[in-house]
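**Q** Structure provided below as structure tokens; questions to follow.
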Amino acid sequence: MTQIGNVTSQHAPSAAPKEALQSSPKAAPDGADHKIIARDVDVFYGDKQALDKINIDIPNGAVTAFIGPSGCGKSTFLRCFNRMNDTIDGCRVTGRIELDGQDIHEKSVDPVLLRARVGMVFQKPNPFPKSIYENIAYGPRIHGLATSKTEIDEVVETSLRRAGLWEEVKDRLHQPGTGLSGGQQQRLVIARAIAVSPEVILMDEPCSALDPIATAKIEELIDELRETFAIVIVTHSMAQAARVSQKTAFFHLGSLVEVGDTEEIFTNPRDKRTQDYITGRFG
Amino acid sequence: MRTISVLGMSDHIVKSFSDDLHQLATDITRMGGLAERQVGEALDVFMRRNAAGARAVIERDTDIDNMQKEIERQAIRILVLRQPVAQDMRQAVTPFKIVNAIERIGDLAKNIAKRTLVLAEESALDAELLEAIAEMGKLVRQRICDILDAYATLDLEAATRVWMKDEDIDEQFDAVFHKLLSVMRDQPEAVEACAHLLFVAKNLERIGDHATNIAEIVHFLVTGEEMGTHRPRGGSEWPTVS
């Protein structure tokens, strides 16, 4: 298994330039700028159906939160967006998922390049067992985004600055990334994801292992990054979903129950199941 | 004592959360009952021009103020501990507005009692005028009773009826106002008493307004949506003089 940036793949990195996957952003029918469009997405683990006919539009320049009880399929669905489910034995995805209008399941789509465009941050920070500098430099170097030392230095500094980590690590860039605190490690892997200039960042419970201060820093970072990226976050914290997202989608038993503006979902949800879940009434 | 309804009661996974919301609604209803009683007694002592009774009404207003503080403290506690959302959020946030309206109703009842202390010294007041104010008072008392019932049972229809009906109080206020003008024209010596009576009537009209404010809060509490803005209105804020 090869790891690239902050994404995991079974495939070796392709030599093709990253731009191979780029296509011009397509405006959604309703005029909104949708980065990802999912239609009738089913996911199966062997015979067991984990997701049933999911339809959702993920907006650009905004944070979309996926909420729902454990096992509802929200992380499974998140992993569909960069084909991380390809790496899971027995997992089968059907339906159509478009990134900027292009079906990500097309044969011409290289999943490795897809994962550079659609980066991912996990619950537990997973820096490479390398220096802070190398954690950031690896992705841009392997994707040919930066070649000279000056270019790579610049990407490392820019990425760490955008992740709000530069001031804390600039004097120890060549020390191991694993020596940082949990919150710093999580910002390091976000910096690593940013370094390959993705368009979408998927975050699977990025703060669940962090203390409130580290959580606040990540939330602040999410708020800053959303202007540039489409961000999708899976979280079990209702308060966090309410704070950081503009759209919220509630999943239950493999179905998408309700999706809408976060403010609306948390003040006046339409579906009783949503209301029961967010208010702590789930039996 | 009114029976209390709470939205989605009894099925919180954390039972103490449901208990807290129930206690909050119970205390608000008790506070409302106290204000309702204050309005009733203020009107009674006003009609009988009973100075001792008026002083008792004035003193009891502190109880309402204290209940307001206690209820706000409870609501803040729920917000901090539970971070409520959706219907729970509405049940934890609307108390701040409701107790404010109830506290104002209490203040207006106290003001009627204060006017009563002055009017108790007056020998003769126009009987027809007093009758008109008494009628207005009856309507206002009924309106408070209706809206507190609607709040306790979360009865959206009843709350909407209160909201729609405020015009009759406004109309009665207009009628009282014009009667007062006519008495003041005819009996210049009664001008001072009439000025006090005008404030009594205005206080009642304001109490009616607070009942409709509570109706709007109940609507938001139950539906999560604001009430429309077009409510029929009987009189103007202060009636015009022709």
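The values are calculated or read from the model by the stated rules, or taken from the named source; none is laboratory data. Fair warning: this is a prediction, and the values are worked out from it, not measured in the lab. For neighbour counting, all protein chains shown are included, and Cβ atoms are generated from backbone atoms with ideal geometry for every residue, glycine included.
**Q** In segment B:144-199, which residues are within 30 Å of residue B:121 (Cα to Cα), polar (S, T, N, Q) and surrounded by fewer than 20 Cβ atoms within 10 Å (Cβ to Cβ)?
**A** B:182, B:187
**Q** Further question on the same structure: So for segment B:12-22 (the condition being over 21 Å from residue B:202 (Cα atoms), aliphatic (A, V, I, L, M) and in a helix (DSSP H, G or I)), does at least one residue qualify?
**A** Checked segment B:12-22: at least one residue is over 21 Å from residue B:202 (Cα atoms), aliphatic (A, V, I, L, M) and in a helix (DSSP H, G or I).
**Q** Here are some conditions: (1) of a type outside the set (Gly, Ala, Ser); (2) closer than 26 Å to residue A:170 by Cβ; (3) buried (at least 19 other Cβ atoms within 10 Å of the Cβ). Residue A:129 meets all but one. Which one does it not meet?
**A** So the condition that residue A:129 fails would be (3).
**Q** Inspect all residues belonging to segment B:113-127 and state whether any of them is in a helix (DSSP H, G or I), among the acidic types (Asp, Glu) and more than 14 Å from residue B:202 (Cβ to Cβ).
**A** No - not one qualifying residue is present in segment B:113-127.
**Q** What residue, among those in segment A:243-278 that are in contact (Cβ under 8 Å) with a residue 40 or more places away in the chain and assigned to a helix (DSSP H, G or I), is farthest from the other protein chains (Cβ to nearest Cβ)?
**A** A:244
**Q** Okay, next question. Identify, please: which residue in segment A:230-242 is more than 8 Å from chain B (Cβ to nearest Cβ) and part of a helix (DSSP H, G or I) and is, among those, nearest to residue A:42 (Cα to Cα)?
**A** A:241
**Q** Just checking, how many residues over segment B:184-233 are within 14 Å of another protein chain (Cβ to nearest Cβ) and either within 16 Å of residue B:137 (Cα to Cα) or out of contact with any Ser or Thr (no Cβ under 9 Å at 6 or more places or on another chain) (or both)?
**A** 4
**Q** Moving on to the next point. Within segment B:93-137, track down each residue that is touching a helix residue (DSSP H, G or I) at 6+ places or on another chain (Cβ under 6 Å) and within 14 Å of chain A (Cβ to nearest Cβ).
**A** If the condition is that a residue be touching a helix residue (DSSP H, G or I) at 6+ places or on another chain (Cβ under 6 Å) and within 14 Å of chain A (Cβ to nearest Cβ), then B:94 is the only one that fits.
**Q** Is one or more of the residues making up segment B:80-92 modelled with pLDDT of 95 or more and more than 14 Å from chain A (Cβ to nearest Cβ)?
**A** There is no residue in segment B:80-92 that is modelled with pLDDT of 95 or more and more than 14 Å from chain A (Cβ to nearest Cβ).
**Q** Can you find a residue in segment B:68-79 that is within 26 Å of residue A:276 (Cα to Cα) and within 14 Å of chain A (Cβ to nearest Cβ)?
**A** The answer is yes, given that some residue of segment B:68-79 is within 26 Å of residue A:276 (Cα to Cα) and within 14 Å of chain A (Cβ to nearest Cβ).
**Q** For residue A:281, only one of the following conditions fails: (1) touching a residue at least 12 places away in the same chain (Cβ under 8 Å); (2) assigned to a loop (DSSP other than H, G, I, E, B). What is its number?
**A** Failing condition for residue A:281: (1).
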